[in-house]
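Here is the structure we will look at.
Every read-out reported here was derived from the displayed coordinates using simple, explicitly stated rules and does not represent laboratory data. Since this is a predicted model, take the numbers as computed values, not measurements. Cβ: placed from backbone, ideal geometry, glycine included. Neighbour counts: every protein chain shown.
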Amino acid sequence: MNRKYRHTVIAANWKMNLLPSKVKAYADELKPLTAQAKWCDIVVCPPFVMLPAVIKAFRSSRISTGAQNLSDKESGAFTGEVSASQLADLGVHYVIIGHSERRRLYGETDSAVNGKIHAALRENLRPIVCVGESEQERETGVTAELVSLQVKTALRDVPAQKMRRIIIAYEPIWAIGTGKTATSEDAGAVCGTIRSVVRSLYGARTARAVSILYGGSMNARNACELLSQPDIDGGLIGGASLSPVDFAAIVDAANQ
Ligand code: PEP
C-alpha cells in the first residue's frame, strides 16, 4: 500500500450468496467492527436484488455499496439487464466489471468489459475492473502479457480524467474461491505490471494514483502480508466477506 498517493480499498463480493432478509443483521454486525477504519474505503457488493437493502442498512456509515455487474446499454429492450443509470439512481457508487466468473461462465470478453466501463463512467459509477490469468496461463508464463492486454483493452478510449475513477483488481483465476493464494511477491509483481501499463497509457501521476487491489482467497491471516506489497492497495474479497467478523478483520489489516 502507499497511502500517500492512493486510497486503500477493501471490497466485499458476495457473489450469489446471502439473503435480502439477512442484510440488516449483517450490517448491524459489520458497522461497529469497522467504525475505526478511517484509512480504508469499504465497499459491499451484493446481488442486484439486495442493493436497496444494503444501501439502506449502511446509510449513515462509511460503507459504500457496489453492484457486481451492469449492462453496457443505456436503456431499452434488454430483458434481465440492469443499466448504469438505474444503479446510480438507486445510490450505488461502485460496480465490479469483468469478474472472472462473468468472463468464464457468461462469455464476457475484454471488449464487453470495455463497453461496461464506459457505461459505468457515463453515470459516474466507480468501476472495479477485474483481470487475471488462469492456472494454465500462469504455467505457460504468459501472465504479465495477458494481464497487460486485459488492462489495455479494458481501458480503450477511457480519457485520463475518467481514469481517476477506476480501480483495478488483479485476481488470478486459480486463486478465486480455492483457498490458494498467490505469494505476496508474485501478486505484488503483477500489480506492479498493471501500474506500469497504466503509466504507459496515462503517465506517471495517474499511475501513482490508481488503486490496484488483489483478489483470490484473501483472508484475515494473509491480508497483512499481501497488503505490505507497495503496489497492492487493497483487496476484493469473496468467501471471507460473507462473515462480518472475517471481513472486518481484513479491513482491520488494511487500516494498519
Ligand atoms: C472474488 O470472487 O472476487 C474473490 C476474490 O473470491 P475469494 O475471495 O472467495 O477467492
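Under 7 Å between Cβ atoms, which residue pairs at least 6 apart in sequence (or on different chains) link something in the range 229-256 that is without any contact (Cβ under 8 Å) to a residue 24 or more places away in the chain and at negative phi with a partner that is crowded, with 22+ Cβ neighbours inside 10 Å and assigned to a loop (DSSP other than H, G, I, E, B)?
Short answer, once both residue conditions are applied: ALA240/MET218.
Are any residues in the range 226-251 surrounded by 24 or more Cβ atoms within 10 Å (Cβ to Cβ), aliphatic (A, V, I, L, M) and near the ligand (Cβ under 10 Å from one of its atoms), and if so, which ones?
LEU236, ILE237, ILE250
Pairs under 9 Å by beta carbon, first residue in contact (Cβ under 8 Å) with a residue 60 or more places away in the chain in the range 155-180, partner assigned to a loop (DSSP other than H, G, I, E, B) and surrounded by fewer than 17 Cβ atoms within 10 Å (Cβ to Cβ), six or more apart or different chains?
The qualifying pairs are ILE167/HIS7; ILE173/SER134.
All but one of (1) among the aliphatic types (A, V, I, L, M); (2) touching a residue at least 40 places away in the same chain (Cβ under 8 Å); (3) closer than 23 Å to ASP246 by Cβ hold for ILE55; state the number of the condition that does not hold.
(2)
Considering only the range 68-89, I want to know if a residue exists there that is without any contact (Cβ under 8 Å) to a residue 60 or more places away in the chain, surrounded by 22 or more Cβ atoms within 10 Å (Cβ to Cβ) and under 17 Å from SER211 (Cα atoms).
Taking every residue of the range 68-89 in turn, none turns out to be without any contact (Cβ under 8 Å) to a residue 60 or more places away in the chain, surrounded by 22 or more Cβ atoms within 10 Å (Cβ to Cβ) and under 17 Å from SER211 (Cα atoms).
Yes/no matrix, rows are residues, columns are (1) closer than 14 Å to VAL92 by Cβ; (2) among the aromatic types (Phe, Trp, Tyr); (3) in a helix (DSSP H, G or I):
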| residue | (1), (2), (3) |
| --- | --- |
| TYR5 | no, yes, no |
| ALA27 | no, no, yes |
| VAL44 | yes, no, no |
| VAL49 | yes, no, yes |
| ILE55 | yes, no, yes |
| SER71 | yes, no, no |
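So in the range 9-28, with the set limited to residues that are more than 18 Å from SER217 (Cα to Cα) and surrounded by 14 or more Cβ atoms within 10 Å (Cβ to Cβ), which one is nearest to the ligand (Cβ to nearest atom)?
Of all residues in the range 9-28, those more than 18 Å from SER217 (Cα to Cα) come to 18-28.
Imposing the further condition that a residue be surrounded by 14 or more Cβ atoms within 10 Å (Cβ to Cβ) reduces the set to 18, 20, 23, 26-27.
On the way: LEU18: 14, PRO20: 20, VAL23: 19, TYR26: 17, ALA27: 20 Å.
For the range 9-28, the residue satisfying everything is LEU18.
Which condition from (1) at positive phi; (2) within 17 Å of the chain's Cα centre (by Cα) is the one that SER100 breaks?
It is condition (1) that SER100 fails.
Any chance you could count how many residues in the range 181-192 are loosely packed, with under 15 Cβ neighbours inside 10 Å and touching a residue at least 24 places away in the same chain (Cβ under 8 Å)?
Final tally of qualifying residues: 1.
I'd like the full set of residues that are within 16 Å of the ligand (Cβ to nearest atom) and farther than 10 Å from ASP231 by Cα, limited to the range 186-217.
Passing the criteria: ASP186, GLY215, GLY216, SER217.
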